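Trainee: I am attaching a structure below and will ask some questions about it afterwards.
Each value in this text was obtained by applying a stated rule to the coordinates, not by laboratory testing. Just so you know, these numbers come straight off a predicted model, no measurement behind them. Note: ideal-geometry Cβ built from the backbone for every residue, glycine included; neighbour counts use all protein chains shown.
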Amino acid sequence: MLLPICGFDAKNAVLCPKCESKVESGEITKADVDASIILAKTAKTNKMIENFTLYSCKEFDGNFVLSLAKNDIMIIRQSRTLYRLLQEQFKGKIWLVEADENDNRFIEDLFFPTKILSINAVWAPGGVQKTKAVVSGKWTPKFPIDTEKVVQIVRNARNLDIEIEFEDKR
């Protein structure tokens, strides 16, 4: 398992001086440390997680955005049991995104399993970029994704001004 902190630190939930200095310098965050410890603890009982690669974790108001390797995300999405297990370990909602992806792919990952019809970016006067995501379907109270949280995460994680629009093709 590859994590932002040492494997030993993650398994024992104590930071060595090297990892502690990474936190103090801002190279990694407290959310990175917490997510590393949670994944290492969960890997003890679930062998599927043993080979995961966690690049980073960002926390926004109880939402944890986990940047993982593409294959790791596929494994989690194919197993509802594994997703629920991970969700139970965190104190808030987890969002899975690929590490080092572009803005459009980041937004698509946050909307999984909902289909995104298009993502358009427009430059407004003053150098401000506005992004609009067109989502397939119609918004109802039972819509599977909290769109307000997605907007908040995109603004905080990528500094993008995003607007969500629904398109019902019936």
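Trainee: Let's test the formula: R0 of 30 Å, r as the Cβ-Cβ distance of Lys18 and Arg80. What FRET efficiency results, to the nearest 0.05?
Mentor: Taking R0 as 30 Å, the efficiency between Lys18 and Arg80 is 0.20.
Trainee: Between Gln87 and Asn102, what is the label-point separation in nm under the 7 Å Cα-to-beta-carbon projection?
Mentor: Each label point lies 7 Å from its Cα, and together they span 3.1 nm.
Trainee: Oh, and also: Using 0.36 nm times the number of residues separating Lys130 and Glu167, minus their current alpha carbon distance, what extension gain do you get? Mind dumping the intermediate values first?
Mentor: Numbers: separation 37, 0.36 × 37 = 13.32 nm, distance 1.89 nm.
In short, 11.4 nm is gained.
Trainee: So what's the back-of-envelope 222 nm ellipticity for the chain, counting only DSSP H runs of four-plus at -39500 (n - 2.57) apiece and dividing by all residues, rounded to 500?
Mentor: Helix-only estimate at 222 nm: -12000 deg cm²/dmol.
Trainee: Assigning unit charges at the beta carbon (Lys, Arg +1; Asp, Glu -1) and nothing else, what dipole magnitude in debye, to the nearest 20, does the chain show about its Cα centre?
Mentor: I would put it at about 600 debye.
Trainee: Rounded to whole Å, give me the distance from the Cα center of region 1-29 to that of region 121-153.
Mentor: 34 Å
Trainee: Pull up all non-local amide H partners of Phe64: gap of 5 or more, or a different chain, and H-to-H distance under 5 Å with H placed in the peptide plane.
Mentor: When sequence neighbours closer than 5 places are left aside, the close amide H contacts are Lys93, Ile94, Trp95.
Trainee: To continue, here is another question. Checking the table Lys47/Lys115; Lys22/Lys93; Lys18/Lys58; Lys11/Lys47; Lys30/Lys149 against a 19 Å threshold on Cα-Cα, which pairs fail?
Mentor: Result: Lys47/Lys115; Lys22/Lys93; Lys18/Lys58; Lys30/Lys149 exceed 19 Å.
Trainee: Right, something else. Give the longest segment of the chain that steers clear of GluC sites (Glu not before Pro) in DSSP loops with at most 13 neighbouring Cβ atoms within 10 Å, not counting the sites themselves.
Mentor: It works out to 51-170.
Trainee: Next question, about the same structure. Report the one residue of Asn159, Trp95, Thr131 whose Cα lies farthest in the direction of the positive end of the charge dipole of the chain (charges on C-beta: Lys and Arg +1, Asp and Glu -1; origin at the Cα centre).
Mentor: Farthest along the dipole direction, towards plus: Trp95.
Trainee: Here's a follow-up. What are the trypsin sites (Lys or Arg not before Pro) within region 102-165 that DSSP puts in a loop, where the Cβ has at most 11 other Cβ atoms within 10 Å?
Mentor: Lys115, Lys138, Lys142
Trainee: Residue by residue through region 113-120, what is 3J(HN,Hα) from phi via Karplus (6.51 cos²θ - 1.76 cosθ + 1.60, θ = phi - 60°)? Round to whole Hz and write x for glycine and proline.
Mentor: x, 5, 8, 9, 7, 7, 10, 10
Trainee: Counting pairs of alpha carbon atoms under 8 Å apart in space and at least six apart in sequence, what relative contact order in percent does the chain give? Mind showing how you got there, number by number?
Mentor: On the way: 239 pairs, mean separation 25.3, N = 170.
Dividing the mean separation by the residue count of the chain yields 15 percent.
Trainee: Moving on. Could I have the simple spin-label model distance between Arg158 and Cys6, label points 7 Å from Cα toward Cβ, reported in nm to one decimal?
Mentor: 3.6 nm
Trainee: Per residue of region 71-82, what does 6.51 cos²θ - 1.76 cosθ + 1.60 with θ = phi - 60° give for ³J(HN,Hα)? Whole Hz please, x for Gly and Pro, Karplus curve as stated.
Mentor: In residue order, the calculated couplings are 5, 5, 5, 4, 4, 5, 5, 7, 10, 5, 4, 5 Hz.
Trainee: Also: Around Lys18, what is the net charge, scoring Lys/Arg as +1 and Asp/Glu as -1 over all other residues with Cβ under 12 Å from its Cβ?
Mentor: -3
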